[in-house]
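This report concerns only the one structure given below.
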Amino acid sequence: MQPVKISIQGDFMDCQIYRGRLYLWTFDGKLKVYRWYDLINSLPNSERDALPLKFCFLDGNYLYKSDLVDLFHDEDFRKILLDKFSRLSNQHYELTEKEADRFLYGQQDTPSNLLATDTEIYSNSLYYINEQGLFSTSAHRDNKKYPVSSKPVKLWDCNLLSIKANKYPQLALSGGDEGLFEYDLSKDYRSRWNLKDPVQVSNKHSSFANYTYWSIYNTSLVESSYMALFDLNEVELDEENLNIYDFGRRKFKREFKEEISERRIFDNQGNRNFLSWGVDDKIYRATDGGFEIVKFKNNPNFEKGEEQFTRLQNLNLHAWKGKVIGGGTSYYGTILECENALVVLLSNGQSETIEGPITRWRVYPRSMNYQNHLHVIKDDRIEIYSFNQDYFLDQDEKLIGLEHKAPRKWSNS
């Protein structure tokens, strides 16, 4: 099943999608915010395409619901849905910047008037970094003149390389030679007038990081990478503290346990450093001719013989695509940023190659509705891909891509 693609022409440098709005930053210092639902609803060429387009671009989580998964075992229902996706297979919708601007919610100067190095949107707040430090400002506002507040708050003055939000809620901060830090996003921990400094997780080099459940996988482009392993330890019901999570009648506190080197994870004592990265239950490491995959079990029962890290597979890549220089993962597969291309290795064993040059790319595995998206910014446009083969797979058996599980109910006190 081929992906469905939307192209929007423009000179873009970064993108985010959040709660029905597409955020595009331009190289001339503008932030353009689009009404995503209206844009998608304008695309169908026929009434028959409206429903699959909704699943492709507006509600990527809908078909993962347990009551629908049971229907996929029915051959007739499965065929109907596959036929609908097949009608859009390899479809490419192209919009000029002028055509896309019909769905513009608002446009403004970039907050701080400096181009951001990296961005994240979490809980109606935009977090971004530039050469002056880490900033926060309100987003998803009912204000067409300023969809994002023009009065950001400076949270920290460290010159960072990358930021990544978790849903629990924390923000991993990669500071290069300064190390790996974490900022607590819970509202009872900070306020506009009582800001707390980030906590240093490690002083080892950090190029970028991502969350493996409530732990952090730290990637370094110059040194060995590692996992900062955190545990949830049960506490008394009446205890009040930071990082306390409620699961029904039980409370747990998130606490640092240990640092695990990539050589231990991949059971390899070699001296060469290869690029590795991890998201939730999958950890990947590049090799000379491809990459290898390890499955991470968040809370193994060692008494029953369960392993925390299990090697799954080694895969090779065609030589012309070049060295792997970056990577990411979503439910539909893993994304390899190579020197000459972006390679998407899909959860069904197939692959998609997007040739460069590429300015930036993003996936959204922790979003509610855009888990099946891949956003790729090129010199003169953004390409938004939707991958939809993963709905029809056994999530327990697939080797590539995150395992989709029913969300666990929790709250952060």
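What is the magnitude of the charge dipole of segment 282-391 about its Cα centre, with +1 placed on the Cβ of each Lys and Arg, -1 on the Cβ of each Asp and Glu, and no other charges, expressed in debye to the nearest 20?
Charge dipole of segment 282-391: 240 debye, to the nearest 20.
Under the rule of -39500 (n - 2.57) per DSSP H run of 4 or more residues, summed and divided by the residues of the chain, what mean residue ellipticity at 222 nm is obtained, to the nearest 500 deg cm²/dmol?
For the chain, the value works out to -2500 deg cm²/dmol.
Considering only protein heavy atoms, what is the solvent-accessible area of I325 at a probe of 1.4 Å, reported in Å² to the nearest 10?
That residue has around 70 Å² of solvent-accessible surface.
Going by the alpha-carbon gyration tensor, a ≥ b ≥ c the square roots of its eigenvalues, is segment 110-237 rounded (a/c under 1.5) or, if a/c is not under 1.5, prolate (a/b greater than b/c) versus oblate?
Oblate, since a/c reaches 1.5 and b/c is not below a/b.
May I ask which of K32/K54; K253/K297; K32/K196; K204/K257; K282/K405; K5/K30 have a Cα-Cα span longer than 21 Å here?
Check vs 21 Å cut-off fails for K32/K54; K32/K196; K5/K30.
Does segment 1-82 come out rounded, prolate or oblate by the C-alpha gyration tensor, with a ≥ b ≥ c the root eigenvalues, rounded set by a/c under 1.5 and, if not, prolate when a/b is larger than b/c and oblate if not?
Cα axes put segment 1-82 in the prolate bin.
For G327, list long-range residues whose amide hydrogen, built 1.01 Å from N in the peptide plane, is under 5 Å from its own amide hydrogen.
Correct list: E337.
Could you please put H404, H318 in sequence from largest to smallest accessible area, using a 1.4 Å probe?
Greatest to least solvent exposure: H318, H404.
What residue among E97, E234, E47 has the largest mean-square fluctuation in a Gaussian network model of the chain, using Cα springs under 10 Å?
Residue with maximal mean-square fluctuation among E97, E234, E47: E47.
GNM on the chain, C-alpha springs below 10 Å: top fluctuator among E262, E403, E236?
Highest fluctuation among the options: E236.
Just the accessible area for M13, please: 1.4 Å probe, Å², rounded to the nearest 10?
Around 20 Å² of this residue is reachable by solvent.
If only Cα atoms are counted, what is the Rg of segment 293-413, and what is its Dmax, in Å?
Looking at segment 293-413, its Cα Rg and Dmax stand at 16.2, 56 Å.
Place +1 on the Cβ of every Lys and Arg and -1 on the Cβ of every Asp and Glu in the chain, take the dipole about the Cα centre, and give the residue among S174, P52, P147 whose Cα lies farthest towards its positive end.
Of S174, P52, P147, it is P147.
Work out the charge dipole of the chain with +1 on the Cβ of Lys and Arg and -1 on the Cβ of Asp and Glu about the Cα centre, then indicate which of L185, Q107, W361 is farthest towards its positive end.
The residue sitting most towards the positive pole is Q107.
Pairs of alpha-carbon atoms within less than 8 angstrom and 6+ residues apart define the contacts here; what relative contact order does the chain have, in percent?
15
With a 1.4 Å probe and every protein chain left in place, tell me how much accessible area W25 has, in Å² to the nearest 10.
My reading of the accessible area for W25 is about 10 Å².
Give the shape of the chain as rounded, prolate or oblate, defined through the alpha-carbon gyration tensor: a ≥ b ≥ c are the square roots of its eigenvalues, a/c under 1.5 means rounded, and otherwise the shape is prolate if a/b is larger than b/c and oblate if not.
rounded
Quick check on segment 1-106: of the DSSP beta bridges with both residues there, what percent are antiparallel, nearest 5%?
About 75 percent, rounded to the nearest 5.
What aspartates and glutamates does K251 reach when the alpha-carbon gap must be under 12 Å and sequence neighbours fewer than 8 apart in one chain are set aside?
Leaving aside aspartates and glutamates fewer than 8 places away in the same chain, those within reach of K251 are E234, E236, D238, E239, E240.
At a 1.4 Å probe radius, which order do D109, D281 fall into by accessible area, largest first?
D109, D281
Counting Lys and Arg as +1 and Asp and Glu as -1, each charge on the Cβ, what is the dipole of the chain about the Cα centre in debye, to the nearest 20?
With Lys and Arg at +1 and Asp and Glu at -1, about 780 debye.
Within the set of other residues whose C-beta is less than 14 Å from the C-beta of I354, count the net charge using Lys and Arg as +1 and Asp and Glu as -1.
Cβ neighbours under 14 Å give a net charge of 0.
If DNA, RNA and ligands are ignored and the probe is 1.4 Å, what is the ranking of K84, K257 by accessible area, most exposed first?
K257, K84
Using the Cα centre of segment 9-119 as the reference point, and only Cβ charges (+1 on K/R, -1 on D/E), how large is the resulting charge dipole? Debye, rounded to the nearest 20.
Charge dipole of segment 9-119: 180 debye, to the nearest 20.
The values are calculated or read from the model by the stated rules, or taken from the named source; none is laboratory data. This one's a predicted model, so the numbers in the text were calculated from it and none came from an experiment. All Cβ positions, even for glycine, are placed from backbone atoms using ideal geometry, and neighbour counts span all protein chains on display. Side chains are part of the model used for accessible areas, which takes the heavy atoms of the whole protein and leaves out ligands, DNA and RNA. Shrake-Rupley method; radii C 1.70, N 1.55, O 1.52, S 1.80 Å.
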